[in-house]
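Engineer: This is the structure I have questions about; it appears just below.
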Amino acid sequence: MADPTRTLLSDPSDATEGSRSADAPPFDVVLFDLDGTLTDPAIGITSSYRHALAAVGRHAADDADLTWVIGPPIQENLALLGVTAEELPLAVGAYRGRHGEVGLYEAEVVPGIPELLGRLRSAGVRLALATAKPTGEGARTLEHFGLSEHFAVVSGNRPDGSLTKADVVAAALRELGGPDPGRAAMVGDRRHDVHGAATHGLTSVGVRWGFASVDELEEAGAQHVVTTVDELGAVLGLAGEHPPSSSAHRPGPRRTGHDRAGGPP
């Protein structure tokens, strides 16, 4: 039986096989996180969490900043929000129902990302999605926003959210045929992405436009931290992009309503 946590798409690198030049990017493979990295999903995700809490008789204040839930596994987040183990299946089901029908489509693609993906693909780099979303939701999101053509593999979580990011990364690497970790990178906006990369020996690239708390990416051990899509392109080796002057002491993230990495205020 096929592993339900991943989906193999038609490989968009086939058209560029054998066309890579001596100045090709330093990575054969790049894995991307989805929420907070390729898209801004804040409205859809936070609204779906409020719906999940209401389903088990709980409440989040209208002015509570819930953007810290974007990135970590759903079970971990709901536990931090006070949902008990007994309530968890109902809360997860309520979240999945609302998010699958509405929340997925309330996101916006980060400006410049479609062009970046196209340039990587044209350079012969194989791309994979490694998301905490269930695989089906990840694939639907890429399709909805016109990004699926760039990805050879979609690797996601189980519907119950029980896999770690390292598990999701491992599944993506298997579907990619076990690439050389020294020529593979993982791009994401949270510490989970950095840890998932480190577990498998990938280069970790953190992006500032997502939902990490201040210094979260550095404290997690990210090897590169970038502020703009152009800087990301430079780190990934795209010619013509301007590399960041430094990966340290970058401006803080867009949303800083939480006090600690990955936790509620």
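Engineer: Return the total of residues in the stretch 48-76 being of a type outside the set (A, V, I, L, M), at pLDDT 95 or above and in a helix (DSSP H, G or I).
Structural biologist: Of the residues in the stretch 48-76, the ones of a type outside the set (A, V, I, L, M) are 48-51, 57-59, 62-63, 65, 67-68, 71-73, 75-76.
Those left that are additionally at pLDDT 95 or above: 48-51, 57.
Add one more test, that the residue is in a helix (DSSP H, G or I), and what stays is 48-51.
Counting residues in the stretch 48-76 that are of a type outside the set (A, V, I, L, M), at pLDDT 95 or above and in a helix (DSSP H, G or I) gives 4.
Engineer: Count, please, the residues in the stretch 175-196 that happen to be open to solvent by less than 20 Å² (accessible area, probe 1.4 Å) and either farther than 17 Å from Gly71 by Cβ or in a strand (DSSP E or B) (or both). Reasoning before the result, please.
Structural biologist: Initial filter on the stretch 175-196 (open to solvent by less than 20 Å² (accessible area, probe 1.4 Å)): 176, 184-190, 193-194, 196.
If we keep only those that are either farther than 17 Å from Gly71 by Cβ or in a strand (DSSP E or B) (or both) as well, we get 176, 184-188.
So the answer is 6.
Engineer: Anything in the stretch 90-114 that is touching a residue at least 60 places away in the same chain (Cβ under 8 Å) and either over 20 Å from Asp189 (Cβ atoms) or in a helix (DSSP H, G or I) (or both)? List them, or say none. Show your work before the answer.
Structural biologist: Restricting attention to the stretch 90-114, the residues satisfying the condition of being touching a residue at least 60 places away in the same chain (Cβ under 8 Å) are 92, 96, 103-113.
If the condition is that a residue be touching a residue at least 60 places away in the same chain (Cβ under 8 Å) and either over 20 Å from Asp189 (Cβ atoms) or in a helix (DSSP H, G or I) (or both), then Val92, Arg96, Gly103, Leu104, Tyr105, Glu106, Ile113 are the ones that fit.
Engineer: Let me spell it out: the conditions are (1) part of a helix (DSSP H, G or I); (2) among the hydroxyl-bearing types (Ser, Thr, Tyr); (3) modelled with pLDDT of 95 or more, and Thr131 meets all of them except one. Which number is the exception?
Structural biologist: All conditions pass for Thr131, except number (1).
Engineer: Taking only pairs six or more apart or across chains, which ones have beta-carbon atoms under 6 Å, a first residue in the stretch 223-250 that is within 20 Å of Ala123 (Cβ to Cβ), and a second residue that is at pLDDT 95 or above and open to solvent by 50 Å² or more (accessible area, probe 1.4 Å)?
Structural biologist: Pairs that qualify, where the first residue is within 20 Å of Ala123 (Cβ to Cβ) and the partner is at pLDDT 95 or above and open to solvent by 50 Å² or more (accessible area, probe 1.4 Å), are Val235/His224; Leu238/Arg119; Glu241/Asp230; His242/Asp230.
One line per residue, one yes/no per condition, for (1) over 13 Å from Ile45 (Cβ atoms); (2) among the hydroxyl-bearing types (Ser, Thr, Tyr); (3) surrounded by 15 or more Cβ atoms within 10 Å (Cβ to Cβ); (4) out of contact with any Asp or Glu (no Cβ under 7 Å at 6 or more places or on another chain):
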| site | (1), (2), (3), (4) |
| --- | --- |
| Ala61 | yes, no, no, yes |
| Leu80 | yes, no, no, yes |
| Leu88 | yes, no, yes, yes |
| Gly100 | no, no, yes, no |
| Thr135 | yes, yes, yes, yes |
| Leu142 | yes, no, yes, yes |
| Lys165 | yes, no, yes, no |
| Leu173 | yes, no, yes, yes |
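The values are calculated or read from the model by the stated rules, or taken from the named source; none is laboratory data. Worth saying up front: this structure is predicted, and the values here are computed from it rather than measured. Backbone-built Cβ (ideal geometry, glycine too); neighbour counts: all protein chains shown. Each accessible area value is taken on the protein alone, full model and side chains, heavy atoms only, with ligands, DNA and RNA left out. Shrake-Rupley method; radii C 1.70, N 1.55, O 1.52, S 1.80 Å.
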